[in-house]
Amino acid sequence: MPTPPAAGGSPRPTEPILLGMYRNIYATRQFELKCIELYRQGLIRGYLHPYIGQEAVAAGACAALNAADYIVSTHRGHGHCISKGADLKLMMAEIMGKATGYCHGHGGSMHISDKRVNNLGANGIVGAGIPIATGAGMGIRVRGTDQVVVVFFSDGASNNGVFAESLNLAGIYGLPVIYLLENNHYAVSTPIECATGCCDLAGRGPAYGIPGICVDGNDALAVYRETAAAVARARQGQGPTLIEAKTYRHGGHHVNDPGLYMDPAVLAEWKARDPLLLTRRAIGDDARSAEIEAQVDADLESAIAFATNSPEPSVDAFLASIEDR
Amino acid sequence: MIEMMYREALRRAIDEEMQRDPLVFLMGETIAERGGSYKVTEGLWQKYGLQRVIDTPIAEASFTGMAVGAALVGCRPVIEILFIDFAMLAMDQIVNQAAKYDFISGGQGTVPMVIRTQGGAGNGLAAQHSQSLEALFYHIPGLKVVMPSTPHDAYGLLKAAIRDEHPVVFIEHKLLYMTKGPVPEEEIVIPLGRADIKRSGTDVTLVTYSHMTLKCLEAATLLESEGISVEVVDLRTLSPLDKDTILSSARKTGRVIIVHEAVKRGGIGGDLAAMLMEEAYDDLDGPVLRIAGRNTPIPYNLNIEKACIPSVEDIVEGVLRVV
């Protein structure tokens, strides 16, 4: 359970939460680095959008959720998936297109969902998860539970029509949805300054009667704090929140994009504030972080071994399964 | 049997399903107090409250996406898209999301939602409120497409659609809402994917659906007086398609005409004709014909609007050409 917000102030993470966030940040970083390696070896195909640099957003936000709460993810979704509690084995198997993967090799990197932990899934269409999450919030209202939904999306998605529609809808019905806008400053290669006349994206919340909060997306503790406060409001029936987490990709849009359009000086500034380093520093105890890292490294090795040794989906079984679909 | 209007039959189906299952809820534009533009949902908000009969702003893409999300968390949303023309605003959510979730996720979740919408010409509503766009949805694996022609079928099929585990595009016709017909007093659920032989005959088969079924039946009556026996197969659901009923009727009569209001180019008729060629060629006594809408946007003026969609006379003529 996340720490409830302190009266008149913001919630502070307990130590297990801090360590858990670090585990997820480190696991995501290493997972992505391995994926890039496997991609270069031709063992992963299609599109691969690394979450490197943004890990604190997913880790901080998911730390404020219960297992029963929902998340909706994006094409850059590995971090969301891991932070919500995915099994690295099933994730890696899916990304390698194996029958044992989360989606039996039907989905791949852009389409992983994980019913077990109420991860409603990544999406190949930018912005498409926003109304889906809004509807999950409506479903929660109809069912009368106290669950909440966190939907991750980017600054790019915030310029799609469904963002405006969905914020408006959630505002009308007071839905328990946290709109977590990861402002990584680029829509593919288009800088945010070229994509909107107003770069204060959190300011779009109040336009729909929703609180709009801006937070340092590289600071997992800050993301946790703001998400926990938004979750508490949502559970109490006080409706949705828009959180803009400012962050930065450490590379291009996908694995084959060198990101030459990114200003090296700006990138260096962001890298100096690497969420991995910041969170490790917050723990302050090298032995504890090393212990976490060793465990993740071992888990990741077994995940890769599991995925590598897993069978491909059977073509015959697949063809039999799609008849009359 | 009770006489009921098509729109009353739809309302009865929704009412019974909302009564039966508290997870069924409605969203759409002006569907609550106003009862919907075609009055299908009239009065339901009083019975089930505004938490389950939900007016939305004009935001088709997002309230359709909301239905996907609500379905994924265990509800059974029934949304109303006022005109099928407006469903074009929601195509990402229908085609890329609703239709594919079950597949993409490796079966981790289904999307039990119904999109009620209506199409068709005949009221002088011009090019953006009169289209017959079923072929767009028929083309997409993962969607079911239902197009009932009678109050009886509208009632039984909508109940089945609401109970279905997969997304259903339920297309009504604006000229059918006020039509009347017998509906059983007891509850019925008509399984999706079963055509209905609305009239038996031996000389020629008309394969049709939705409002055109009425025109085909009228044509069949006229042709009877000329000694021609016409079988009218009402598909009722386009997807899943009841191939068996189409093929067995084709084998019986040896002559098939497909009749639909949607434009001929890229329409359902072409697909059915090809299917008949592939699977019943040796049983046919002649080429399969299509009688369908003209390849044009629907005009406003009533006389030229009428010229764009098949008439009873067109159907009679078509039959006389093949027998």
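Since every read-out is calculated from the coordinates, none of them should be taken as a lab result. Everything numeric here is computed off the predicted structure, so don't read it as measured data. In this analysis, Cβ positions are derived from the backbone assuming ideal geometry, glycine residues included, and neighbour counts consider all displayed protein chains.
Here are some notes:
- Inter-chain Cβ neighbour average for residues A:170-176, partner chain, 10 Å: 2
- Loop GluC sites (Glu not before Pro), the stretch B:195-235, which have at most 16 other Cβ atoms in a 10 Å radius of their Cβ (DSSP): B:Glu226
- Estimated 222 nm signal from helices in chain B, with DSSP H stretches of n ≥ 4 weighted -39500 (n - 2.57), rounded to 500: -10000 deg cm²/dmol
- Net charge dipole, the protein assembly as shown: roughly 880 debye, given to the nearest 20, about the Cα centre with Cβ charges of +1 for Lys and Arg and -1 for Asp and Glu.
- Here the stretch A:81-102 is scanned for amide nitrogen atoms under 16 Å from the site 7 Å beyond the Cα of A:Glu37 along Cα-to-Cβ, giving A:89, A:92-93, A:96.
- Scattering curve values for the stretch A:261-309, log₁₀ I(q)/I(0), Debye with Cα scatterers, q = 0.22, 0.23, 0.29 Å⁻¹: -0.80, -0.81, -0.97
- Over all pairs of different C-alpha atoms, the stretch A:15-322 has a mean inverse distance whose reciprocal, the Kirkwood radius, equals 19.4 Å.
- The angle between the Cα long axis of helix B:211-224 and the longest principal axis of the Cα atoms of chain B comes to about 20 degrees, rounded to the nearest 10.
- Working from label points 7 Å from Cα in the Cα-to-Cβ sense, the A:Arg281 to A:Glu323 distance is 6.2 nm.
- FRET efficiency, B:Glu317 to B:Met277 (Cβ-Cβ, R0 22 Å, nearest 0.05): 0.45
- Over 33 Å [Cα-Cα, chain B], rounded percent: 24
- Three principal axis lengths of the protein assembly as shown [C-alpha, angstrom, descending]: 95, 53, 46
- Overall form of the stretch A:162-301 per C-alpha gyration tensor (a/c, 1.5; a/b vs b/c): oblate
- Set B:Lys39/B:Lys264; B:Lys243/B:Lys306; B:Lys100/B:Lys159 screened for pairs whose C-alpha atoms are more than 29 Å apart: B:Lys39/B:Lys264; B:Lys243/B:Lys306
- Inverse of mean 1/r across different Cα pairs in the stretch A:27-138, Kirkwood, Å: 13.9
- Placing unit charges on the Cβ atoms of the charged side chains and taking the dipole of chain B about its Cα centre, the candidate lying farthest along the positive direction among B:Gly293, B:Met88, B:Ala219 is B:Met88.
- Under Stokes-Einstein, with the Kirkwood radius over Cα pairs as Rh, the value for the stretch B:105-164 at 20 °C and 1.002 mPa s is 157 µm²/s.
- Of A:Ala157, A:Ala268, A:Ala170, the one that fluctuates the most in a GNM where chain A has Cα springs shorter than 10 Å: A:Ala268
- Once the Cα atoms are used to define both axes, helix B:6-20 deviates from the longest principal axis of chain B by about 40 degrees.
- Ordering A:Ala195, A:Gly129, A:Val57 by the projection of their Cα atoms onto the charge dipole of the stretch A:51-210, which places +1 on the Cβ of Lys and Arg and -1 on the Cβ of Asp and Glu, puts A:Gly129 at the extreme positive end.
- What you get for chain A, charging only the Cβ of Lys and Arg (+1) and of Asp and Glu (-1), is a dipole of about 540 debye around the Cα centre.
- Here B:Glu80, B:Glu279 are placed in order of increasing Cβ neighbour count within 10 Å, fewest first, which gives B:Glu279, B:Glu80.
- Farthest positive-ward along the stretch A:184-325 dipole, Cα basis, beta-carbon charges - from A:Gly259, A:Ala272, A:Gly209: A:Gly209
- Listing A:Arg249, B:Arg251 from fewest to most neighbouring C-beta atoms within 10 Å gives B:Arg251, A:Arg249.
- Percentage of interatomic Cα-Cα distances in the stretch B:54-108 larger than 13 Å: 59
- More than 19 angstrom apart: percent of Cα pairs within the stretch A:232-313: 69
- Histogrammed with a bin width of 10 Å, the alpha carbon distances of the stretch B:131-256 distribute as 13, 42, 34, 10, 1 percent, first bin at zero.
- Whole-Å semi-axes of the stretch B:196-322's equivalent ellipsoid (Cα gyration tensor): 22, 17, 13
- For the stretch B:196-322: relative contact order, % (alpha-carbon pairs under 8 angstrom, 6 or more apart): 27
- Inter-label distance, nm, simple model (7 Å from Cα along the C-beta direction), B:Glu186/A:Glu193: 7.4
- When only Cα pairs below 8 angstrom with a gap of at least 6 residues are kept, the stretch A:15-322 shows a relative contact order of 24 percent.
- For the stretch B:2-183, alpha-carbon Rg over 2.2 N^0.38 Å: 0.95
- Kyte-Doolittle mean at least -0.5, axial Cα span of 30 Å or more - DSSP H helices of chain A: A:15-40, A:286-309
- Relative exposure of B:Met275, B:Met178, A:Met262, judged by other C-beta atoms within 10 Å (fewest first): B:Met178, B:Met275, A:Met262
- In chain B, Cα pairs under 8 Å separated by at least six residues give a relative contact order of 17 percent.
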